[in-house]
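First comes the structure, then the notes that go with it.
Values quoted throughout were computed directly from the atomic coordinates according to the rules given, and no laboratory measurement underlies them. These numbers were taken from a predicted model, which means no experiment stands behind them. With ideal geometry, Cβ positions are generated from the backbone for all residues, glycine too; neighbour counts draw on all protein chains shown.
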Amino acid sequence: MAIRDLLYFPDELLHQVSTPVTQFDESLAELVSDMFETMYHDEGIGLAAPQINIRKRVVVIDIEGDKLPEHQIVLINPEFLSKEGTDSINEGCLSVPGLRAHINRAEKVSIKAQNLKGDFFTLDASGLLAICIQHEIDHLDGHLFIDYLSPMKRNLYRTKAAKLARERKRALKEAQETNQ
Ligand code: GNR
Ligand code: NI
């Protein structure tokens, strides 16, 4: 079990398309376990593998955030079967810290995915779960929520993100120096 390092906007690696999982083995189970640990550590409700620099189609979700096994959702190779209606909430992303924006999404989604054993299942979702699923599948396709904003807003965010990244680097360096 390990907390992995996150990639942050504007890292170009976050814009690459992730590849399907073909091996349902112990290393996949380990990746999923590390993803849950990283997600809970950073207080997220979902995490996609590309956010920890692994370009595989793997997603973990716990919108309750209470670590109960019955609330933990693992999606391997998820695909939309249908989308319905429209909904929008103020979204955040662990890879875009400190920034939030309303994004138009479908209100209800139906997906198919595989579990850790490779078995296929379907899932119908609405509300926050539906939005989280769309946000995470976007990560697998190399999209961030800020890609949906107008170029002007995105550029404003780009400037803010660069400043946040500098602050984060400085804080990390200071923490390392204090530990020495
Ligand atoms: O923790 C997260 N919260 C959130 C809130 C509204 C819409 C989507 C999300 S997902 C985000 C975690 C994350 O970045 N997942 O990729
Ligand atoms: Ni995200």
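Numbers at a glance
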{"read-out": "Prolate/oblate/rounded call for the chain, Cα gyration tensor, a/c under 1.5 rounded", "value": "oblate"}
{"read-out": "Sorted by Cβ density within 10 Å, fewest first, the residues LEU47, LEU128", "value": "LEU128, LEU47"}
{"read-out": "Given charges at Cβ of Lys, Arg, Asp, Glu: the range 33-180 dipole, positive-most of GLY65, PRO50, GLN176", "value": "GLN176"}
{"read-out": "Summed residue charge, Cβ within 15 Å of LYS153's Cβ, Lys/Arg positive, Asp/Glu negative", "value": "+2"}
{"read-out": "Under the span-like rule (Cα at least 27 Å along the axis, Kyte-Doolittle mean at least 0.0), DSSP H helices of the chain", "value": "none"}
{"read-out": "The chain: antiparallel DSSP beta bridges as a percent of all, rounded to 5", "value": "95 percent"}
{"read-out": "Relative contact order computed over the chain (Cα-Cα under 8 Å; 6+ residues apart), in percent", "value": "23 percent"}
{"read-out": "For peptides 56-63, 24-31, 103-110, sequence by mean Cβ density within 10 Å, most packed first", "value": "56-63, 103-110, 24-31"}
